[in-house]
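J.: Following this message is one structure expressed as structure tokens.
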Amino acid sequence: MTHYREGDVTLVYIVRNERGLAAVLALIAMMLLGIMGIGLMGLSKIDIEIAANHRDGVAAQYVAEGGIQWAIVQLKTDPDFVIETKTQKNVTTYVIDKNGSTFASCTVTTTLKSTTNDENLRVVTSIGSVNKAKRQISTQIRLPAGKENPLEVIWDD
């Protein structure tokens, strides 16, 4: 057995002395758990942002579809709108407000299809926007040649 004199501090004495070791291990464990917790908080924040972006994208798609439906109704019921779209490009923008701030917007462009001689064929493009998300839908609408013919919608792929 080795005897140490008072005042001698050697490496062997420091290594063999286990006093305070549990506190050091507890601090290391707490530090590792803290780092893991911060990492998990970052991951959950990213998941929330992904979900919000998906929600906005779906909402923008619905807003764009609503713009197409609006154009179909206008072409069915408003003769002035039909005449206007025959001669020039018609651009209509709608803004949806929620609590005084812009929540969504929709821009609907209706034009005569230029690559054909069919004056009853219109191209309708609708762009829906919600926050940073934008979705665009384009379709062709053939107006009825007579009262007995229905309005025909040709969806673009």
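The values are calculated or read from the model by the stated rules, or taken from the named source; none is laboratory data. Model, not experiment: these values are computed from the prediction. We place every Cβ from the backbone using ideal geometry, glycine too, and count neighbours over all the protein chains shown.
J.: Within segment 62-80, is even one residue modelled with pLDDT of 85 or more and touching an Asp or Glu at 6+ places or on another chain (Cβ under 8 Å)?
T.: Within segment 62-80 (the criterion being modelled with pLDDT of 85 or more and touching an Asp or Glu at 6+ places or on another chain (Cβ under 8 Å)), the answer is no, since none of the residues qualifies.
J.: Quick check on segment 118-126. Is at least one of its residues exposed (fewer than 14 other Cβ atoms within 10 Å of the Cβ) and either among the hydroxyl-bearing types (Ser, Thr, Tyr) or not in a helix (DSSP H, G or I) (or both)?
T.: Yes - at least one qualifying residue is present in segment 118-126.
Here's the yes/no breakdown for (1) under 20 Å from the mean Cα position of the chain (by Cα); (2) free of Cβ contacts under 8 Å to residues at least 24 places away in the same chain:
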site: Lys76; (1), (2): no, no
site: Pro79; (1), (2): no, yes
site: Glu84; (1), (2): no, yes
site: Asn90; (1), (2): no, yes
site: Val95; (1), (2): yes, yes
site: Thr107; (1), (2): yes, no
site: Ser114; (1), (2): no, yes
site: Asn117; (1), (2): no, yes
site: Gly128; (1), (2): yes, no
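J.: Hey, among the residues in segment 63-96 that are surrounded by 14 or more Cβ atoms within 10 Å (Cβ to Cβ) and among the hydroxyl-bearing types (Ser, Thr, Tyr), which one's nearest to Thr110 (Cα to Cα)?
T.: Among residues in segment 63-96 that are surrounded by 14 or more Cβ atoms within 10 Å (Cβ to Cβ) and among the hydroxyl-bearing types (Ser, Thr, Tyr), the one nearest to Thr110 (Cα to Cα) is Thr85.
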